[in-house]
Amino acid sequence: MWFYEKKLQYPANVRGCDLGMAKYLFAQYGGPDSELSAAVRYLTQRYTMPIPQAKALLTDIGTEEMAHWEIIGTLIYKLTDGATPEQMRQAGLGDHFAQHDNALYPHDAAGVPWTAAYIQATGDPITDLHENMAAEQKARTTYEHLISLTDDDGVIATLSFLREREVVHFQRFGEALMLVREHYQHKHIFY
Amino acid sequence: MHDYASMVEMLREIQALEFAVYDLALFLDTHPCDKRALEDHTKLVHRLNQLRKVFEDRYGPLRLDSQSPYPYRYINDPWPWEIHY
């Protein structure tokens, strides 16, 4: 089970309304390599992990991804706060406004809704951990693209934190992969 | 009523401490026999619990299983996405 903690993992400040940047940030709210995909991917795969280290790691990284999803949501909420329908339209968010007003919705930067087809759980821990390492790299690259699309210092600080977490998660998944390999290489014969 | 700036300052301290705990916890998931990391984790958890208690007594519950005075204070604004850090 989970308990909500009424705080963000990392501060999320914005200079002011920036609808263009809000639109781009939807990539990480409901895109293929979004924080939502990451959370659902790891929290789904964990059931079929063969060793305690990997069960724990997927649970804990999956949980951290939910906190990151909240941070991205906060950035979008703040960047769109007070925007008029006309401003949304001019920023390319007219389609979003028609269906969602100023509410958040899990779609990508182009408005494509989130789908479970973005993630995989194969039941093969080696395969799943490789997928996760690739996912962390794709998210890191996406953060680098997003950072290059803004000059808002607050947004850059928050995105830089999230980018760094992708690097750490990649490292931890790599360690889990090594441990799972060792687990399978060990002969399970009892005399 | 305590001022907003002090609340945010203490919240940021909690964020920093909790981040250190979380990052160490991920490390310990794959290195459960690293004694030094576990000692650091233990120390930081202790400091975090102390600070969280001070914060909650002053500014209200962070979790639904934190004790609240009457009327129930957990619901009070600002929620995390409304805070200017």
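Where a number appears in this text, it was derived from the coordinates with a stated rule and is not lab data. Note that the structure is predicted; figures quoted are calculated from it, not measured. FYI the Cβ positions are ideal-geometry reconstructions off the backbone, even for glycines, and counts take in every protein chain you see.
Are there chymotrypsin sites (Phe, Trp or Tyr not before Pro) in segment A:1-110 that DSSP puts in a loop and that have at most 13 other Cβ atoms within 10 Å, and which ones?
Answer by residue number: A:W2, A:F3, A:Y4.
How big is the charge dipole of segment B:4-82 about its Cα centre, in debye rounded to the nearest 20, if each Lys and Arg gets +1 on its Cβ and each Asp and Glu gets -1 on its Cβ?
Values: 10 positive and 13 negative charges, 50 e Å.
Computed charge dipole of segment B:4-82: roughly 240 debye.
Report, in degrees rounded to the nearest 10, the 0 to 90 angle that the Cα long axis of helix B:35-59 makes with the longest principal axis of chain B.
0 degrees
What per residue convex hull volume, in Å³, comes out for chain B when only alpha-carbon positions are used?
Taking the convex hull of the Cα positions in chain B, it is 107 Å³ per residue.
By how many degrees, between 0 and 90 and to the nearest 10, does the Cα long axis of helix A:19-30 differ from the longest principal axis of chain A?
20 degrees
How far is helix B:4-30 tilted, in degrees, relative to the longest principal axis of the Cα atoms in chain B, given as a value from 0 to 90 rounded to the nearest 10?
Around 30 degrees separate the two axes.
What pairs in A:K6/A:K78; A:K6/B:K35; A:K55/B:K43; A:K23/A:K138; A:K55/A:K187 have C-alpha atoms more than 23 Å from each other? Please list the in-between numbers first.
Values: A:K6/A:K78 17 Å; A:K6/B:K35 31 Å; A:K55/B:K43 25 Å; A:K23/A:K138 19 Å; A:K55/A:K187 21 Å.
Those over the limit are A:K6/B:K35; A:K55/B:K43.
Please list the non-local residues whose amide H lies under 5 Å from the amide H of A:H107, H modeled 1.01 Å from N, same-chain partners needing a gap of 5 or more.
Close amide H contacts, sequence-distant or interchain: A:G30, A:W114.
Where does the protein assembly as shown land on Rg(C-alpha)/(2.2 N^0.38 Å)?
1.09
What are the semi-axes of the equivalent ellipsoid for segment A:33-158, taken as the square roots of 5 times the Cα gyration tensor eigenvalues, largest first, in whole Å?
Whole-Å semi-axes of the equivalent ellipsoid: 32, 16, 12.
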